[in-house]
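**Q** The structure that follows is given in the form of structure tokens.
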Amino acid sequence: MKEDFLKYQAQTSPYPLGLEISHAVGSYIFDTNDKKHLDFVAGVSACSLGHQHPRVNQAIKDQLDKYSHVMVYGEYAQHPAVQYCKLLVEHLPKSLNKIYLVNSGTEACEGALKLVRRVTGRSQLISCHNAYHGNTMGSMSVMGFEERKQIFRPLIPDVDFITFNNEEDISKITTKTAGIILESIQGGAGFIEPKNDFLAKIKKRCEEVGALMIVDEIQPGFGRTGKLFGFENYNVVPDVIIIGKGMAGGMPVGGFIANEKHMDLLSHDPKLGHITTFGGHPVIAAACLATLEEILEKDYAKQSLEKEKLFRSLLVHPLIEEIRGKGLMLAAMTKNAEITNQVIFKCQDKGLILFWLLFEPSAIRITPPLTISDDEIKEGCAIIIEAMNEILNEN
């Protein structure tokens, strides 16, 4: 299978891990040799309730027995999408009250960028250095990592960058700015949290000059950082949020959310301001609804903070310089990329799945399912420490 995988499927890197998958359940992925791998990555934060969660699976099966795709997004009222949007709005600040469902996080970013230009009539967009918001042309335009986008230029014009947590840069938001987009916790940069009310100060500046603030919740959202959404940790309410990854328990989905007045502008002058065929797909929306209900009912957001404490207590080692992040969005920082690579590969051999971050080569990603148990955390952390001890002994 691996040979055909490399031959027939386009690759994203020269050396993919190439694990041949048989099945997955709970916190474990099984390969075709029936070896089980404890999953500390959760599909890069997407499988929020682990693998094959019975509530999500049942919701998908029930909806398949009723109807699947029937019409392009926005024309028909379909129960799963309507109920999902209603429930989600009930758990958001009052100003975030209308949702546009799309197919992925990067499409959500595209929609949000269009929205702030439509609302303000301005063109300038501001993002952060080392930001990541997706990989389509618009999303790439606000990606703050030149090495990854130079070859695809020209991209969208009138995009400028500031440094995350640099308060002096806030003045770069002016009356020419349509919107600024930031992650509530910078992901690819190394799970960097905002400091000194940075996000609140950004919002204040936006209000002063009439710009809009977009907060990217694609990775921090849906309980991973101790709140339903990451921005709730930092004393701010954005004008727009974009969501994806963990919102459907591993199914492909995204969305952008703003107030009704702003969102309604996409319906006229011109009409069809944003369109998507499969956004709000009833089977995917059913998975979204089941996932959100489970996260809320079991209070997985609160549990993520307790599990963070356990991780931090167990991951103490001379090769770990610090643990960054919040809740179950954590990065173990080693001294250099070589050590990080060795740990990740050794742990895969030992039955533990870890992964990298996009732009910070010394980081070891730890983003397990919200459903992971304390015993599974202990099991995985023991493997990490064992691998690190081997590295010390080898050197």
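The values are calculated or read from the model by the stated rules, or taken from the named source; none is laboratory data. Please read these numbers as outputs of a predicted model, since none were measured by experiment. With ideal geometry, Cβ positions are generated from the backbone for all residues, glycine too; neighbour counts draw on all protein chains shown. Only protein heavy atoms, including side chains, enter the accessible area calculation; ligands, DNA and RNA are left aside. Shrake-Rupley method; radii C 1.70, N 1.55, O 1.52, S 1.80 Å.
**Q** Please give the charge dipole size of segment 49-146, origin at the Cα centre, charges +1 on K and R Cβ atoms and -1 on D and E Cβ atoms. Round to the nearest 20 debye.
**A** About 320 debye.
**Q** May I pose another question? Kirkwood hydrodynamic radius, computed over distinct alpha-carbon pairs, for segment 34-133: how many Å, to one decimal?
**A** When all Cα pairs of segment 34-133 are included, the Kirkwood radius is 17.4 Å.
**Q** Tell me, Kirkwood radius of segment 147-250 from alpha-carbon pair distances, in Å?
**A** Radius from the Kirkwood sum: 14.6 Å.
**Q** Taking every eigenvalue of the Cα gyration tensor of segment 190-250, multiplying by 5 and rooting it, what semi-axes result, largest first, whole Å?
**A** Semi-axis lengths for segment 190-250 are 22, 13, 9 Å.
**Q** Report, to the nearest whole %, how much of the accessible area of the chain belongs to carbon and sulfur atoms, 1.4 Å probe, protein only.
**A** Result for the chain: 52 percent of the exposed heavy-atom area is carbon or sulfur.
**Q** Filter the cross-link list K176/K227; K98/K298; K195/K309; K114/K201; K245/K302; K172/K195 down to pairs whose alpha-carbon distance in this structure exceeds 22 Å.
**A** With Cα atoms farther than 22 Å apart: K176/K227; K98/K298; K114/K201.
**Q** Moving on to the next point. Give the aspartates and glutamates whose C-alpha is closer than 15 Å to that of K335, dropping any in the same chain fewer than 8 places away, or say none.
**A** The reachable aspartates and glutamates, counting only those whose Cα sits under 15 Å from K335, are E321, E322, E360.
**Q** Moving on. Within the P(r) computed for segment 252-395, what percentage of the Cα pairs occupies the region above 23 Å?
**A** Result: 51 percent of Cα pairs exceed 23 Å.
**Q** Quote the FRET efficiency, to the nearest 0.05, computed for K335 versus K36 with a Förster distance R0 of 25 Å and r equal to the Cβ-Cβ distance.
**A** According to the calculation, E is roughly 0.25.
**Q** Another question, then. I need the Debye-formula profile for segment 211-335: one equal scatterer per C-alpha, no solvent, reported as log10 I(q)/I(0) at q = 0.15, 0.18 1/Å, two decimals.
**A** Log10 I(q)/I(0), no solvent term: -0.83, -1.06.
**Q** Could you list which residues have their amide H under 5 Å from that of A24, counting only those 5 or more apart in sequence or on another chain, with H placed in the peptide plane?
**A** Long-range HN contacts for A24: F30.
**Q** Turning to a different aspect of this structure: For all pairs of alpha-carbon atoms in segment 140-198, what percent lies in each bin of width 10 Å, listed from the first bin to the last filled one?
**A** Percent of Cα pairs in each bin: 19, 48, 31, 2.
**Q** Of all the Cα-Cα pairs you can form in the chain, what percent are over 29 Å apart?
**A** When all Cα pairs of the chain are counted, 44 percent exceed 29 Å.
**Q** Related question: Quick check for you: with a 1.4 Å probe and neighbouring chains kept, what is the accessible area per residue of the chain, in Å²?
**A** 45 Å²
**Q** Considering the options L358, N135, H53, tell which one lies farthest towards the positive end of the dipole of the chain, charges being +1 on Lys and Arg and -1 on Asp and Glu at the Cβ, about the Cα centre.
**A** So the residue furthest toward the plus end is N135.
**Q** Let me ask something else about it. What residue among V236, Q63, G179 has its Cα farthest toward the positive end of the dipole of the chain, where the charges are +1 on Lys, Arg and -1 on Asp, Glu, each on the Cβ?
**A** G179
**Q** Further question: What is the sum of charges around S22, taking Lys and Arg as +1, Asp and Glu as -1, for the other residues whose C-beta is under 12 Å from the C-beta of S22?
**A** Once positives and negatives cancel, what remains is -1.
**Q** Among the trypsin sites (Lys or Arg not before Pro) in segment 196-301, which ones are in a DSSP loop with at most 14 other Cβ atoms within 10 Å of the Cβ? Mind listing them?
**A** K271
**Q** Just how large is the dipole of the chain about the Cα centre, in debye to the nearest 20, putting +1 at every Lys and Arg Cβ and -1 at every Asp and Glu Cβ?
**A** 800 debye
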